[in-house]
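The values are calculated or read from the model by the stated rules, or taken from the named source; none is laboratory data. Keep in mind the model is a prediction, meaning the values are calculated, not measured. When we count neighbours, we look across all protein chains shown, and the Cβ atoms used for this are built from the backbone with ideal geometry, even at glycine. All accessible areas refer to the heavy atoms of the entire protein, side chains included, with ligands and DNA or RNA removed. Shrake-Rupley method; radii C 1.70, N 1.55, O 1.52, S 1.80 Å.
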Amino acid sequence: MPVVLYHFPASPPSRIALAAAKVVGVDVNIKIVDLFAKEQLKEEFVKINPQHTIPTIDDNGFILWDSHAIATYFVSQYGKDDSLYLKEPKKRALVDQRIYFEAGTLFPRMRAIVFPVIFLGNKSVEASVKAAAYEAIGFLEKFLEATRWVAGDHLTIADVVCAVTATSMQAIGLDFSGYPKTQDWIERCKKIPGFQEANEEGVKAFGEKVRSSLPPNHLAP
Ligand SMILES: N[C@@H](CCC(=O)N[C@@H](CS)C(=O)NCC(=O)O)C(=O)O
């Protein structure tokens with residue numbers, strides 16, 4: 001039976017799980033949980049995931065949430081080899097570090113911009129919040145000055161994880177023109193088979209939702 005993915009396309013973490021599935025080649029049965037209609041709070045979903053976050057998967061009774069855990073699980077369980085999530089401890093540690101960077105720095109700094117706009121109706125973003133997002137993009141740029149992909153010279157699952165968030169940051173109007181390595185890497189990530197299929201439509205909707213709530217060029221540096 002295919003893996004059930006509880007998904008909402010506008011959500012960046014949810015697109016990470018879907019992109020990981022498509023890139024690895026996991027057969028998923030998508031069930032939409034509409035966050036704008038608060039469907040994640042329905043009793044049947046909270047029973048599955050008491051933290052009521054998407055993405056969540058049900059792999060024939062094995063329940064897992066958090067996009068990062070799901071992405072690495074997909075590679076470990078269904079990958080044709082370990083190239084996207086290397087088993088050698090030091091190489092794997094670097095992949096993990098970049099995934100934790102997305103989880104602990106890149107995504108939270110974007111979320112600090114978008115959550116108040118989407119869910120609290122804010123019409124502007126404080127300069128310090130915007131600066132923190134650009135600082136995180138700057139870290140990504142440094143990684144990519146050193147290596148072709150975020151965790152070394154080969155594509156790994158960390159690229160899929162970070163690229164979904166980076167494309168989301170672009171889509172809301174953060175300006176990447178000062179980050180040429182990151183821009184080039186984003187374009188290469190879009191060519192990873194399956195990536196755009198999972199990300200393109202949702203990232204567009206996400207970007208439009210945020211940009212339409214803010215004054216023009218509000219997130220320019
Ligand atoms: N660290 C989690 C974050 C998941 C998350 O916060 N998802 C949000 C949507 S972007 C959500 O489901 N929010 C609904 C809620 O918390 O009730 C992951 O990477 O999966």
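Take Leu18 and decide whether it is open to solvent by less than 50 Å² (accessible area, probe 1.4 Å), over 15 Å from the mean Cα position of the chain (by Cα), within 26 Å of Ala171 (Cβ to Cβ) and outside the structural domain of Ala136 (by TED's automatic domain parsing).
no
Being open to solvent by 40 Å² or more (accessible area, probe 1.4 Å) and closer than 12 Å to Val210 by Cα is the filter here; which residues of the range 122-152 pass it?
If the condition is that a residue be open to solvent by 40 Å² or more (accessible area, probe 1.4 Å) and closer than 12 Å to Val210 by Cα, then Asn122, Lys123, Ser124 are the ones that fit.
As an exercise: evaluate Val26 against (1) in a loop (DSSP other than H, G, I, E, B); (2) open to solvent by less than 30 Å² (accessible area, probe 1.4 Å); (3) out of contact with any helix residue (DSSP H, G or I) (no Cβ under 9 Å at 6 or more places or on another chain) and give the number of the one condition it does not meet.
Failing condition for Val26: (3).
Hey, any hits in the range 62-83 for a residue that's in contact with a His (Cβ under 9 Å, 6 or more places away or on another chain) and either more than 13 Å from the ligand (Cβ to nearest atom) or outside the structural domain of Ser14 (by TED's automatic domain parsing) (or both)?
Taking every residue of the range 62-83 in turn, at least one turns out to be in contact with a His (Cβ under 9 Å, 6 or more places away or on another chain) and either more than 13 Å from the ligand (Cβ to nearest atom) or outside the structural domain of Ser14 (by TED's automatic domain parsing) (or both).
Just for the range 29-44: of the residues that are touching a Phe, Trp or Tyr at 6+ places or on another chain (Cβ under 6 Å) and either more than 10 Å from the ligand (Cβ to nearest atom) or part of a loop (DSSP other than H, G, I, E, B) (or both), which one is most open to solvent (accessible area, probe 1.4 Å)?
Per the criteria, the residue is Lys31.
Which ones in the range 5-15 are assigned to a helix (DSSP H, G or I) and open to solvent by 20 Å² or more (accessible area, probe 1.4 Å)?
Hit for the range 5-15 is Pro13, nothing else.
In the set Ile63, Ile48, which member is touching a residue at least 12 places away in the same chain (Cβ under 8 Å) and under 24 Å from Phe115 (Cβ atoms)?
Criteria check complete, one pass: Ile48.
Kindly check whether there is at least one residue in the range 175-197 that is open to solvent by less than 10 Å² (accessible area, probe 1.4 Å), in contact (Cβ under 8 Å) with a residue 60 or more places away in the chain and out of contact with any Ser or Thr (no Cβ under 8 Å at 6 or more places or on another chain).
Yes, there is a match, as at least one residue in the range 175-197 is open to solvent by less than 10 Å² (accessible area, probe 1.4 Å), in contact (Cβ under 8 Å) with a residue 60 or more places away in the chain and out of contact with any Ser or Thr (no Cβ under 8 Å at 6 or more places or on another chain).
For Pro50, state whether it is open to solvent by 80 Å² or more (accessible area, probe 1.4 Å) and within 12 Å of the ligand (Cβ to nearest atom).
yes
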